[in-house]
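Okay, so here's the structure we're looking at.
The values are calculated or read from the model by the stated rules, or taken from the named source; none is laboratory data. Since this is a predicted model, take the numbers as computed values, not measurements. Positions of Cβ are generated from backbone atoms using ideal geometry, with glycine treated the same way; all protein chains shown enter the neighbour counts.
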Amino acid sequence: MHITTSYIVTLAIISSTLPSYLLALFPHYQMERVTKLASEKPVVIFSKSSCCMSHTIKPFLRPRGLPPAVHELDEIPGGCEIEQTLLRLGCNPSVPAVFIGGELVGGANKIMSLHLNRSLIPMLRQVGALWV
């Protein structure tokens, strides 16, 4: 039986629990997956439960608006592949990776810099992530 790329991608759409060794063969699929996850809410954080900077940035962003979507890469299927995709996007270290309005903003240092120069609140307001 000959398995084509489109067949495996179709399987991936049907079931997001494909083994990670298959997911690693399709970096374009991972990029699409990250793009889709990053667009599900105005603010999305890719995190690891063991990362101290992730533990810092999540509570920092929560009281500033609508709760962000948080994806713990060490707890979801294909998390390692998503982490590799974040590195390819230029997020180094890979977590926390914060997306605002579907666009990669950066990690904890970038978020804190934006906050200190008073650019974070306007960004959150622009994408509808603030209540006020």
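Looking at ILE111, ILE76, ILE121, just one residue is β-branched (Val, Ile, Thr) and in a loop (DSSP other than H, G, I, E, B), and that residue is ILE76.
Looking across segment 22-50 at every residue that is more than 14 Å from the chain's Cα centre (by Cα) and part of a helix (DSSP H, G or I), the one that is modelled with the lowest pLDDT is identified as LEU23. Return the pair list, or none, for Cβ contacts closer than 8 Å from residues in segment 57-81 that are closer than 25 Å to MET31 by Cα to residues that are in a helix (DSSP H, G or I) and among the charged types (D, E, K, R), at least 6 apart or on different chains. Taking only residues 6 or more apart or on different chains, the pairs are PRO68/LYS58; PRO68/ARG62; VAL70/LYS58; LEU73/GLU83; GLY78/ARG33.
Listed by first and then second residue, the pairs linking a residue in segment 32-52 that is hydroxyl-bearing (Ser, Thr, Tyr) to a residue that is crowded, with 20+ Cβ neighbours inside 10 Å and not in a strand (DSSP E or B), with Cβ atoms under 6 Å apart and 6 or more places separating them unless they lie on different chains, are SER47/SER54; SER47/VAL95; SER47/PRO96.
Among the residues of segment 120-127, is any touching a Cys at 6+ places or on another chain (Cβ under 9 Å) and among the β-branched types (Val, Ile, Thr)?
no
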